[in-house]
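The values are calculated or read from the model by the stated rules, or taken from the named source; none is laboratory data. Since we're looking at a predicted model, the values are computed, not measured. We place every Cβ from the backbone using ideal geometry, glycine too, and count neighbours over all the protein chains shown.
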């Protein structure tokens, strides 16, 4: 059993409850550890702790935030083996994968949000398109919204919540994390990391709780933002709950990510990329390669390479250094994936390899599966499978490939595999997705500068990087006017002179014939003394060249 403390984290305290639940190892079905469940009252205490910590946290200087984030980074580096072992034990990811994806990804994110991200939230000067306002000094400011509720999934139970927490904290917000009940101990390990790194009480809180209590938190007016990663049905439910208070919301609800392999692609690289993109994390990734479209000219050659590589993958105990793929995280998810495979078989699909448990009598194992003879009448090509299944389908030309790729309710990520740069750019522009990578797949989640999110039923909003931060703050426009004028030209009282002036100014500003605009300018010149009494002449004169270029 793990040594992770199963008590809740509220404020700076570890809170024990009478209600506890076992967390199971998906490889052995043995108990990993026990964790406490929060009542509605304790959830409210966590929300209040985040609210009480917010006024001080939002004013913490960026240098102090940097110090704290780097302290968490170095602490994670010390605990890397412990964290990786916990992920392998509670989630089922192989040790090497846990280190390479979740721990390394979290270290990079901590470094990015400590050193780089705060620059994205510095005030940004704004010029003025309207010449009448050009004497004002304006800028966009970015201010925190308040306590943030993060509801995280089980598929990347360490990296996803870490990234969401870092975005919220960098924006000046405080956090309550509600981890998945499947990987509750990993969620508590995250909270422990921030607590031990010296973050002030209440800035990061972690509560495990049943679904009804989680829904009560979503409707709590204390929370100004809810961040959720999970399924479409649950995302829609959360959206409905957030609508009651018009709570700011970011949703990432999965994908059905396509991979297009052109006839000029490096087939060895593409085959390796397809196998890794489909089967890493046992296929339980929002951005997994879930469908492959291969040009008919290279379809057979590509298929042979993929099947050979897939058959060489080692499936087994995730604690072993020689294992490539561990078990699925839950029996329910395993059954859903098997349902997709069996339904495809009934409609004519062929299992080229995999499709069973590989002889594992214990644990939620499912061998990596390659399917051919698939089409868009099958769930495996249209619904999110979220498991180790790779369906491969031929196409005849680029138009058909794009049409197939876009024939989906999802639009998270996609990849194009070709040696032709212009072709790659054209296809990437036509694919409907939040991110498109060329000759690679899925790496962008681990790149802190990239964005994460998509279109259609993939969700709303973005996370990660400078653009993701904008969904976690109030973008405030502040304009200053310290001129000595007693009134503006367009203020009350209106007069015939103002209307006369306005008619000429409208032609000067917006007519498409320059001679007429110059004529209007000459007619306005006699009125300059009166204009300058009510508005600074210099600002208008210096904008005349720009006005005439319109």
Would you check if there is a residue in the stretch 281-296 being touching a residue at least 60 places away in the same chain (Cβ under 8 Å), in the same structural domain as residue 390 (by TED's automatic domain parsing), crowded, with 18+ Cβ neighbours inside 10 Å and within 30 Å of residue 474 (Cα to Cα)?
yes
If we keep only residues of the stretch 489-499 that are without any contact (Cβ under 8 Å) to a residue 60 or more places away in the chain and exposed (fewer than 13 other Cβ atoms within 10 Å of the Cβ), then the residue nearest to residue 57 (Cα to Cα) is 491
All positions within the stretch 321-364 that are surrounded by 15 or more Cβ atoms within 10 Å (Cβ to Cβ) and in contact (Cβ under 8 Å) with a residue 60 or more places away in the chain:
323, 324, 325, 326, 327, 328, 329, 330, 363, 364
Would you point out which residue out of 106, 114 is crowded, with 24+ Cβ neighbours inside 10 Å, in a helix (DSSP H, G or I) and in contact with a helix residue (DSSP H, G or I) (Cβ under 6 Å, 6 or more places away or on another chain)?
106
Testing residue 230 on (1) surrounded by fewer than 20 Cβ atoms within 10 Å (Cβ to Cβ); (2) under 26 Å from residue 22 (Cβ atoms), one condition comes back false. Which one is that?
(1)
Filtering the stretch 7-49 for residues that are within 30 Å of residue 320 (Cβ to Cβ), part of a loop (DSSP other than H, G, I, E, B) and in contact (Cβ under 8 Å) with a residue 40 or more places away in the chain leaves a count of 5
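Condition check: modelled with pLDDT of 95 or more and either surrounded by 24 or more Cβ atoms within 10 Å (Cβ to Cβ) or in a helix (DSSP H, G or I) (or both). Does residue 153 satisfy that?
On the way: modelled with pLDDT of 95 or more: yes; either surrounded by 24 or more Cβ atoms within 10 Å (Cβ to Cβ) or in a helix (DSSP H, G or I) (or both): no.
Taking the combined requirement at face value, the residue does not satisfy it.
What number of residues in the stretch 447-489 are outside any loop (DSSP other than H, G, I, E, B) and either under 26 Å from the mean Cα position of the chain (by Cα) or more than 21 Å from residue 127 (Cα to Cα) (or both)? Reasoning before the result, please.
Start the filter on the stretch 447-489 by keeping residues that are outside any loop (DSSP other than H, G, I, E, B), which leaves 452, 455-456, 459-460, 463, 465-480.
Now drop any that are not either under 26 Å from the mean Cα position of the chain (by Cα) or more than 21 Å from residue 127 (Cα to Cα) (or both), which leaves 452, 455-456, 459-460, 463, 465-477.
Of the residues in the stretch 447-489, 19 are outside any loop (DSSP other than H, G, I, E, B) and either under 26 Å from the mean Cα position of the chain (by Cα) or more than 21 Å from residue 127 (Cα to Cα) (or both).
So that you can scan it fast, the table gives a plain yes or no per residue for (1) crowded, with 18+ Cβ neighbours inside 10 Å; (2) in contact with a helix residue (DSSP H, G or I) (Cβ under 9 Å, 6 or more places away or on another chain):
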| residue | (1), (2) |
| --- | --- |
| 392 | yes, yes |
| 397 | no, no |
| 407 | no, yes |
| 412 | yes, no |
| 422 | no, no |
| 455 | no, no |
| 459 | yes, yes |
| 474 | no, no |
| 481 | no, yes |
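Output the residues belonging to the stretch 303-339 that are assigned to a helix (DSSP H, G or I) and over 25 Å from residue 181 (Cα atoms).
Taking the stretch 303-339 first, the residues assigned to a helix (DSSP H, G or I) are 303-311, 331-339.
Scanning the stretch 303-339 gives 303, 304, 305, 306, 307, 308, 309, 310, 311.
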